[in-house]
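Reading through the structure tokens given below for one structure.
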Amino acid sequence: MLLSENRQPRALPTPENGAMDLPLDPDSCYRALASRDARFDGRFFIAVRSTRIYCRPICPAPTAKRENVSFYATAAAAQETGYRPCLRCRPEAAPDSGAWLGVANSGHSHAVSRALGLIEMGALDEAGVAALAERLGLGERQLRRLFAEHVGASPLAVAQTRRVLLAQQLLRESALNLTEIAFASGFGSIRRFNEVFQTLFKRPPSELRHGPGARLAPGRAGEVSLLLRYRPPYDWPAMLGFLRARAIPGMEQVDDEQGGRYARSFSLAGRQGTLSVSHAPQQQALQVSVRCEHLAVLPLVIARLRRQFDLAADPELIAAQLGSNDGLMAGLVQRRPGLRVPGCWDGFELALRAVLGQQITVGAAIQLATKLLARYGEPLQNVAPEQPSLQCLFPRAEALAGQDLSHLGMPRSRAATLAGVAAASLADPGLFERQASLEDALARWRALPGIGDWTAQYIALRQLREPDAFPAADVGLMQAIEWLEGSRPDAKQLASRAQAWRPWRAYAAQHLWAELAEQAPR
């Protein structure tokens, strides 16, 4: 429970336990506030009754008296109760407290987790709560009750807070004009944008453009740059190395200049664009630049990048739990603090990549993907002068369904699987979205011809962001154990060994893959 029936705060995740369903301890929260303990930044928010403002635990403002503050586990809960974001500590700049998203793999917590993910991906921008509940297989009243219990705010309040905080960030960090910011942050109209800010802040949006927080350099026409925060540490070299090894020429590019940069082309809602991601360690953030003529897709771009770069992870919590029951994993997490599980940009794209990679090396899979892109990819209409190597978009399902792809140099069975996945994706647009449970999703994918448990687990790990997905039949994982311990387990033995790594088996797999990538050249 996050809130009691009378809406009093009752739950707080801590660095020690990381759970969202434990009672909030107001005294512990106040001690964290008084000490400005950065470990709690983003884990809860402080609402000051006298000012009607909510802040981060690290806010530099003088500490309010204990009797004047309340504590909320989410910004949406504080905002729905009538508090407005602090203009000094900027709640929109807090790291995402997403360690609780998806930790539970069954039951109502999983349903809430999936709902929050769908809201972040824009599910309430064009449809209502009833449509969201239907996608989840729940009644609307049940969904609202679950949100009050687990989040402390309604689904609409979560979506509204998401828009407000993104708009506030763009006001501070970008040179976009107010009209561009309104649509780029997900508001349907300028009027609604102005109304919300006038109601919440008692001032127009234009007055919020000044204040603390360095503004990024103005972008080119149709381009916006902003910072996406994470909870440190972050192993950026490992993330960049993973993406470099799998980059498809013509669609992706990885540069090593100035700490490294990842760039790719994309198409969302019929809008083409390009983006680049680099590391800003001093701000504990990734700096993202998005170039698109229609910046209304920006919230969806941000949501996908948060998933792809695993920005909701709590590395200290994950490392502590992974290393608590297994000496091997304890050593690996100590060697690579801040290692993330790389996600993906698009579920359909990842599924095809996974099929292409069945029983061959990563390099061979990229060669096949390059041929697929050259033959069936969609040309990028406006190639950015600063990114001339980005020429194509990944093939759409319509271009591949029913095609004989064996001419690309792969077995006919695998070519048939690619075409079959494309046809299935057309028939079921939600094929690669979260289901009622991990097992439900795995079962749907395994029912497709040519998709076995390895491929299904891999898709769950990188697309659904399931922290406990684990492809026990992966040869690389077995090889890594052999490198480290001298004997090679089979799939059954590895699955048994991995029970000690739950509920973070996906991160355990990533540590083993990282170790194998480092050891193999030797």
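The values are calculated or read from the model by the stated rules, or taken from the named source; none is laboratory data. These figures come from a predicted structure and were not determined experimentally. A quick note on method: Cβ atoms are made from the backbone with ideal geometry, for glycine too, and the neighbour counts reach across all protein chains shown.
Listed conditions (1) within 30 Å of residue 468 (Cα to Cα); (2) under 28 Å from the mean Cα position of the chain (by Cα) are all met by residue 383, apart from (1). Annotation: residue 329 fulfils all but one of (1) in a helix (DSSP H, G or I); (2) surrounded by fewer than 22 Cβ atoms within 10 Å (Cβ to Cβ); the unmet one is (2). For the condition surrounded by 22 or more Cβ atoms within 10 Å (Cβ to Cβ), assigned to a loop (DSSP other than H, G, I, E, B) and of a type in the set (Gly, Ala, Ser), residue 469 qualifies.
Filtered by the rule that a residue be touching a residue at least 40 places away in the same chain (Cβ under 8 Å) and in a helix (DSSP H, G or I), the range 166-175 gives 166, 168, 169, 170, 172, 173. Restricting the range 255-274 to residues that are surrounded by fewer than 18 Cβ atoms within 10 Å (Cβ to Cβ) and touching a helix residue (DSSP H, G or I) at 6+ places or on another chain (Cβ under 6 Å) leaves a set whose member that is modelled with the highest pLDDT is 271.
So which of 9, 13 is touching a strand residue (DSSP E or B) at 6+ places or on another chain (Cβ under 9 Å), modelled with pLDDT under 85 and under 18 Å from residue 318 (Cβ atoms)?
Details: 9 fails: under 18 Å from residue 318 (Cβ atoms).
Of 9, 13, the one residue that is touching a strand residue (DSSP E or B) at 6+ places or on another chain (Cβ under 9 Å), modelled with pLDDT under 85 and under 18 Å from residue 318 (Cβ atoms) is 13.
Within the option set 145, 203, 191, 163, being farther than 18 Å from residue 301 by Cβ and either part of a loop (DSSP other than H, G, I, E, B) or in contact with a Ser or Thr (Cβ under 7 Å, 6 or more places away or on another chain) (or both) holds for one residue only, 203. Does residue 131 qualify as being modelled with pLDDT of 85 or more, under 23 Å from residue 42 (Cα atoms) and not acidic (Asp, Glu)? No: the conditions fail for residue 131.
Residue by residue, here is whether (1) in a loop (DSSP other than H, G, I, E, B); (2) among the hydrophobic types (A, V, I, L, M, F, W, C); (3) modelled with pLDDT of 95 or more holds:
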{"site": "341", "(1), (2), (3)": "yes, yes, yes"}
{"site": "348", "(1), (2), (3)": "no, yes, yes"}
{"site": "370", "(1), (2), (3)": "no, no, yes"}
{"site": "384", "(1), (2), (3)": "yes, yes, no"}
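Annotation note: Cβ proximity below 6 Å between a residue of the range 115-131 that is closer than 22 Å to residue 465 by Cβ and among the acidic types (Asp, Glu) and a residue that is modelled with pLDDT of 85 or more and buried (at least 21 other Cβ atoms within 10 Å of the Cβ) (sequence gap 6+ or interchain) occurs for 125/186.
Confirm whether residue 193 is more than 29 Å from residue 384 (Cα to Cα), buried (at least 20 other Cβ atoms within 10 Å of the Cβ), modelled with pLDDT under 95 and among the hydrophobic types (A, V, I, L, M, F, W, C).
On the way: more than 29 Å from residue 384 (Cα to Cα): yes; buried (at least 20 other Cβ atoms within 10 Å of the Cβ): yes; modelled with pLDDT under 95: yes; among the hydrophobic types (A, V, I, L, M, F, W, C): yes.
Yes; evaluated as a whole, the condition is true for this residue.
Considering 464, 448, 516, the condition of being under 24 Å from residue 350 (Cα atoms), touching a residue at least 24 places away in the same chain (Cβ under 8 Å) and crowded, with 23+ Cβ neighbours inside 10 Å is satisfied by 464 alone.
Matching residues to (1) out of contact with any Lys or Arg (no Cβ under 6 Å at 6 or more places or on another chain); (2) surrounded by fewer than 22 Cβ atoms within 10 Å (Cβ to Cβ); (3) at positive phi; (4) at pLDDT 85 or above:
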position	(1), (2), (3), (4)
52	yes, yes, yes, yes
56	yes, no, no, yes
62	yes, yes, no, yes
65	yes, yes, no, yes
68	no, yes, no, yes
79	yes, no, no, yes
86	yes, yes, no, yes
108	yes, yes, no, no
126	yes, yes, no, no
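Looking only at the range 16-39, residues that are modelled with pLDDT under 85, touching a helix residue (DSSP H, G or I) at 6+ places or on another chain (Cβ under 7 Å) and of a type in the set (A, V, I, L, M, F, W, C) come to 1 in all. Only residues that are surrounded by 15 or more Cβ atoms within 10 Å (Cβ to Cβ), within 26 Å of the chain's Cα centre (by Cα), part of a helix (DSSP H, G or I) and not small (Gly, Ala, Ser) were counted in the range 473-511, giving 6. If the condition is being in contact (Cβ under 8 Å) with a residue 12 or more places away in the chain and not hydrophobic (A, V, I, L, M, F, W, C), then the range 132-164 contributes 135, 137, 144, 149, 150, 152, 154, 155, 160, 161, 162, 163.
When the test is whether a residue is touching a residue at least 12 places away in the same chain (Cβ under 8 Å), within 28 Å of the chain's Cα centre (by Cα), closer than 19 Å to residue 117 by Cβ and not in a helix (DSSP H, G or I), residue 441 does not pass it. Note on the range 403-429: residues that are more than 15 Å from residue 353 (Cα to Cα), part of a helix (DSSP H, G or I) and charged (D, E, K, R) amount to 1.
Here the range 381-428 is the region considered, the condition is being without any contact (Cβ under 8 Å) to a residue 12 or more places away in the chain and touching a helix residue (DSSP H, G or I) at 6+ places or on another chain (Cβ under 9 Å), and the residue that is farthest from residue 292 (Cα to Cα) is 412. Applying the set (1) touching a Lys or Arg at 6+ places or on another chain (Cβ under 9 Å); (2) in a loop (DSSP other than H, G, I, E, B); (3) not acidic (Asp, Glu) to residue 455 leaves exactly one unmet item: (2).
In the range 268-290, the residues that are among the charged types (D, E, K, R) reach residues that are assigned to a strand (DSSP E or B) with C-beta atoms within less than 6 angstrom, at least six apart or across chains, in these pairs: 271/292. For the range 163-190, filtering for residues that are of a type in the set (A, V, I, L, M), more than 24 Å from residue 285 (Cα to Cα) and surrounded by 17 or more Cβ atoms within 10 Å (Cβ to Cβ) leaves 1.
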